[in-house]
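Everything below concerns the one structure shown next.
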Amino acid sequence: MKRILSIVLAIVCIVAVFTFIYTDNTEIKKVCQGVIAITSVANLILNIRQYRQM
């Protein structure tokens, strides 16, 4: 379950990065920056929890 969530977060982050790079709209860029930040933090938290369980 956590692995699937981690993969989904990574895909969302990658899509947001490409959207951020290829768009000219500043509002969309702001949204993408927020999405990238949230998914990065969420993935970091998931990884920390996985290492603590080992």
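The values are calculated or read from the model by the stated rules, or taken from the named source; none is laboratory data. Keep in mind it's a predicted model, so treat the numbers as computed, not measured. Neighbour counts run over all protein chains shown; Cβ positions are idealised from the backbone, glycine included.
Assorted remarks:
- Meets criteria (in a helix (DSSP H, G or I) and over 12 Å from the mean Cα position of the chain (by Cα)) for GLN50: yes
- Filter result for ALA10 (modelled with pLDDT under 90, in a helix (DSSP H, G or I), touching a Ser or Thr at 6+ places or on another chain (Cβ under 8 Å) and small (Gly, Ala, Ser)): yes
- Sub-8 Å Cβ pairs linking a first residue in segment 13-25 that is within 14 Å of SER40 (Cβ to Cβ) to a second residue that is of a type in the set (Ser, Thr, Tyr) and assigned to a helix (DSSP H, G or I), at least 6 apart or interchain, are CYS13/THR39; CYS13/SER40; ALA16/THR39, ordered by first then second residue.
- When segment 13-36 is filtered for residues that are acidic (Asp, Glu) and in a helix (DSSP H, G or I), only GLU27 remains.
- Condition broken by ILE28, with the remaining ones in (1) without any contact (Cβ under 8 Å) to a residue 12 or more places away in the chain; (2) out of contact with any helix residue (DSSP H, G or I) (no Cβ under 7 Å at 6 or more places or on another chain); (3) not small (Gly, Ala, Ser) satisfied: (2)
- Residue count for segment 36-49 satisfying the condition of being touching a residue at least 24 places away in the same chain (Cβ under 8 Å) and under 15 Å from VAL8 (Cβ atoms): 6.
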